[in-house]
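Input: a single structure, listed below in C-alpha cells.
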Amino acid sequence: MAGHRATRRRRPVLVAIIAMGGTLVAVAVVLAMVASSFVGGIARSFETQSDTIVDAFPDGKRPAATEDAQNILLIGSDSRSGSADPADNTPGGRSDTLMLAHLPADRKTVYLMSIMRDSWVEIPGHGEAKINAAYSWGGVSLTVQTVEQLLDVRIDHVAEIDFAGFKGMTDALGGVTVQSPKAFTAQGQHFSAGPNRLQGEAALAFVRARSPFADADHTRVRNQQAFMRGLVEGALSRGTITNPRRVQDFVSATSAYLSVDRELTFRAIVSLGWSLRHVRASDLTTFTIPTAGGGVSADGQSYVALNNLDVQELSSALRSDDVETWVTASSR
C-alpha cells in the first residue's frame, strides 16, 4: 500500500503568490506541500511569522465576486526594510508596485498583471492621482478600493510583502534564474542580456532597478514579471519540492516579511494551492495593464496614462472569467 501511494504522489501545491511592489516587490507566496507530516511545521512558520492586515478591505458597496475565480492583489513596499532606491524620489522612500493575480475558475493557468505605479487613476475621496498614492493616503484598504473601482472587479484576497523578503526567498531557493531583455547595471550589480542566475542582493537590485532604463517603469515591471516566473520555476523545481528543508526555509524567509488579509489563512492557502496543483511555470501568463503614453498633471507630476477603452475590455474579461481571450486578442 505504501508503495502504491508513493508511485501516485503528486507534485506539491503551488502556493502561490505574492507580492510585488516597491519596485516590485512583488512577490508571491509560493508555498508548497511536500508531505502531510511536514505541513505542521510549515503552518507554524507561516502563522507565527506572518502578519494579518486588520482592515484590508474597504467598507461600503463593492463589486460582485466572479463565481469560482479568484483575484488576489499583491502589494509591495519598502516600508519595513528601509531599502529604498536612492534614485527613487517617491514620498516616504517607497517605490510601490501592484500586481493582480487572477486565478480562473478552471485553475488551468494563472494570470499576473502588473499595474504601473505611476498610473493616473481616480482615487476614492482624493480625486485623480498616481495609483501608488492610494497606499500613502489610506493603506491597503484604499489601495484595494482604488483597484476595485478601476477594474470593476472584486479583490478576494490581498497580500503585502516587504522588499527585504526578496533576498531571503531567493537564497532559500538556492538562487533564481531570470531572463533579462537587455544588459544593465544597478546598485553595483551587472546583469547580462539573456539568462542570469541571481542570489539575494542581485535579485533585489534586478526587481527594483528603474533609473538605468529610458522607459523606466516599463522595463522594471517586465523585469519583475521575469523574476516572478523564475521564482515559480524555482519553487516548482524537483530540487525544491523534494527537499523539505528547502521548503521550510522558503516559507520562513517569506513569512517574516508577509502580511495577508484575515481570510488568507494557512488553511486557505493550502486549499488554494491544491486547486492549482496541475499548474506549471509555463502556465503563468504575465502582462501589464494597458497604457497610452504619458502625461503631466496640473501640478507638474509626470504620470502614465491608461488606455481606458482597453482597460474596460480587460475589466469585462475579468468579470466574465475569460482573460485568455483578452490576452490573445491584445497580443495580435
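How would you rank 287, 206, 166, 57, going from fewest to most other Cβ atoms within 10 Å of each one's own Cβ?
287, 57, 206, 166
Looking at the square roots a ≥ b ≥ c of the eigenvalues of the Cα gyration tensor of segment 97-244, which shape do they give, rounded for a/c under 1.5, prolate if a/b is larger than b/c, or oblate?
Verdict is oblate for segment 97-244.
Please rank 262, 267, 319, fewest neighbouring Cβ atoms within 10 Å first, as an exposure proxy.
Fewest-to-most Cβ neighbours within 10 Å comes out as 267, 262, 319.
Using +1 at the C-beta of Lys and Arg and -1 at the C-beta of Asp and Glu, which of 258, 213, 192 has the Cα lying farthest in the positive direction of the dipole of segment 166-285?
Result: 192, furthest along the dipole toward the positive end.
Using packing as a proxy for protection, rank 225-231, 133-139, 64-70 so that the peptide with the highest average count of other Cβ atoms within 10 Å comes first. Before the final figure, lay out the partial values.
Values: 225-231: 24.9, 133-139: 19.7, 64-70: 14.6.
Top of the packing list down: 225-231, 133-139, 64-70.
Please arrange 255, 302 by how many other C-beta atoms lie within 10 Å of their C-beta, fewest to most.
302, 255
Could you give the size of the charge dipole of segment 190-332 about its Cα centre, using +1 on the Cβ of each K and R and -1 on the Cβ of each D and E, expressed in debye and rounded to the nearest 20? Numbers along the way, then the final one.
On the way: 15 positive and 14 negative charges, 139 e Å.
Its charge dipole is roughly 660 debye.
Values quoted throughout were computed directly from the atomic coordinates according to the rules given, and no laboratory measurement underlies them. These figures come from a predicted structure and were not determined experimentally. Cβ sites come from the backbone with ideal geometry, for glycine too, and all protein chains shown count toward neighbours.
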